[in-house]
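To start, the structure under review is shown below, and the notes come after it.
The values are calculated or read from the model by the stated rules, or taken from the named source; none is laboratory data. Not measured: the values here are computed from a predicted model. Quick reminder, even Gly has a Cβ in these numbers, built from the backbone with ideal geometry, and neighbours come from all protein chains shown. All accessible areas refer to the heavy atoms of the entire protein, side chains included, with ligands and DNA or RNA removed. Shrake-Rupley method; radii C 1.70, N 1.55, O 1.52, S 1.80 Å.
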Amino acid sequence: MPRPRKKRRRREVPRVPRGDATLPEYDRSTVPEGLVIRRQSRDMQLSPGGNEGPVAILRSRLCATRPQWSCRHPTRGYLLRVDLAVPKRVPTLAQEWALDRAMAARHTCGQGRRRFYICLSKKLDCCLECFDRTPADPSSLMTLPAPAVHRPTA
């Protein structure tokens, strides 16, 4: 016999009048110059830097239907100041090499020494073909460079 369904309660969101909100709120078309959301700052190659927190809230589309209430929707955005943002740090060549080696280790089978385009499971520590003989799709394999053969010169 199936269990009876629980009745879901609607989540109670505290309503705050818009005038009593702690941060100023802007609709999508009324944001002043110099304020951007985190994703826009990332597109401009900036990191938050000296911003100690959001200075305003970007109201979601659903909150636009209730102009008298403060926006409490989970999809609201937090606006940061552009003048306090700093350029993103550029990784050094050694850091990039270390990341490349780490990703190569995640793509390489532990037993068969084949490299894939996808990350392999840490739990199995090998590809599915080595684990349970499921044939691998040839298009998912990378061709590894041939190992260097060292021959004596004399």
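Filtered by the rule that a residue be within 18 Å of R61 (Cβ to Cβ), open to solvent by less than 50 Å² (accessible area, probe 1.4 Å) and assigned to a loop (DSSP other than H, G, I, E, B), segment 22-39 gives a lone residue, V31. Every test in (1) hydrophobic (A, V, I, L, M, F, W, C); (2) part of a loop (DSSP other than H, G, I, E, B); (3) out of contact with any Gly (no Cβ under 9 Å at 6 or more places or on another chain) is passed by L84 save one, and that test is (3).
Determine whether segment 73-92 contains at least one residue that is at pLDDT below 85 and either among the small types (G, A, S) or open to solvent by less than 80 Å² (accessible area, probe 1.4 Å) (or both).
Yes: one or more hits.
The residue that is least open to solvent (accessible area, probe 1.4 Å), counting only those in segment 101-148 that are at pLDDT 75 or above and β-branched (V, I, T), is T108.
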